[in-house]
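Trainee: Mind having a look at this structure? Questions to follow.
The values are calculated or read from the model by the stated rules, or taken from the named source; none is laboratory data. The structure displayed is predicted, hence computed values, not measured ones. So basically every Cβ, Gly included, is an ideal-geometry build from the backbone, and we count neighbours across all protein chains shown.
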Amino acid sequence: MRRMGKLLRWAALLLVGAALYDQLRRPAAERTWQGRIGFVPYDFRPPTVERLKERLWNPDDPRIFTPHVWGVGWAVNVYQLWRSLSPLAERLRARLGERPA
């Protein structure tokens, strides 16, 4: 298990390094500080409240996993996760309520 943690840390560091390299190799006027390394998104712009809401609680975005507010990887759109799990929770609650005590 320790090896897996170490491997994940190295992978994260490599992705951060690759994302920074991707931006720093561009002329200063063309740097956006956001993009993708392969299929992994990154965003190094200063976080804003608007982007925080957009990525963590967005009823208009159907994705459960959205790009991080800051950094490399994904965040969880809690609204969509809640919406997806609510019917399952209701069925479980109904099923548990039907059982004799």
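Trainee: When both residues are 6+ apart or on different chains and their Cβ atoms are under 9 Å apart, which pairs have a first residue that lies in the range 22-49 and is more than 17 Å from residue 12 (Cβ to Cβ) and of a type in the set (A, V, I, L, M), and a second that is at pLDDT 95 or above and surrounded by 12 or more Cβ atoms within 10 Å (Cβ to Cβ)?
Mentor: Between residues of the range 22-49 that are more than 17 Å from residue 12 (Cβ to Cβ) and of a type in the set (A, V, I, L, M) and residues that are at pLDDT 95 or above and surrounded by 12 or more Cβ atoms within 10 Å (Cβ to Cβ), the close pairs are 24/31.
Trainee: While we're looking at this one, here's another question. If you go through the range 52-63 one residue at a time, how many are in contact with a helix residue (DSSP H, G or I) (Cβ under 8 Å, 6 or more places away or on another chain) and either assigned to a loop (DSSP other than H, G, I, E, B) or exposed (fewer than 13 other Cβ atoms within 10 Å of the Cβ) (or both)? Explain how you work it out, then say what you get.
Mentor: From the range 52-63, those in contact with a helix residue (DSSP H, G or I) (Cβ under 8 Å, 6 or more places away or on another chain) are 56-59, 61-63; that's our starting set.
Those still in the list that are either assigned to a loop (DSSP other than H, G, I, E, B) or exposed (fewer than 13 other Cβ atoms within 10 Å of the Cβ) (or both) too: 57-59, 61-63.
Summing the residues that are in contact with a helix residue (DSSP H, G or I) (Cβ under 8 Å, 6 or more places away or on another chain) and either assigned to a loop (DSSP other than H, G, I, E, B) or exposed (fewer than 13 other Cβ atoms within 10 Å of the Cβ) (or both) in the range 52-63 gives 6.
Trainee: Can we say residue 72 is touching a helix residue (DSSP H, G or I) at 6+ places or on another chain (Cβ under 6 Å) and modelled with pLDDT of 95 or more?
Mentor: Numbers: touching a helix residue (DSSP H, G or I) at 6+ places or on another chain (Cβ under 6 Å): yes; modelled with pLDDT of 95 or more: yes.
Yes; evaluated as a whole, the condition is true for this residue.
Trainee: Of the residues that sit in the range 1-48 and are of a type in the set (S, T, N, Q) and part of a loop (DSSP other than H, G, I, E, B), which one is nearest to residue 72 (Cα to Cα)?
Mentor: So in the range 1-48, the residues of a type in the set (S, T, N, Q) come out as 23, 32, 34, 48.
Now drop any that are not part of a loop (DSSP other than H, G, I, E, B), which leaves 32, 48.
Details: 32: 14, 48: 16 Å.
Applying the filter and picking the extreme gives 32.
Trainee: OK, next. Considering only the range 22-46, state which residues are surrounded by 11 or more Cβ atoms within 10 Å (Cβ to Cβ) and of a type in the set (Asp, Glu).
Mentor: Result: 22, 43.
Trainee: Same structure, new question: Inside the range 33-51, can you point out the residues that are of a type outside the set (D, E, K, R) and in contact with a strand residue (DSSP E or B) (Cβ under 9 Å, 6 or more places away or on another chain)?
Mentor: Those that are of a type outside the set (D, E, K, R) and in contact with a strand residue (DSSP E or B) (Cβ under 9 Å, 6 or more places away or on another chain): 33, 34, 35, 37, 40, 41, 42, 44.
Trainee: Quick test for you: out of 49, 69, pick the one residue that is β-branched (Val, Ile, Thr) and buried (at least 16 other Cβ atoms within 10 Å of the Cβ). Write out each step before concluding.
Mentor: Working: 49 fails: buried (at least 16 other Cβ atoms within 10 Å of the Cβ).
The unique qualifying residue is 69.
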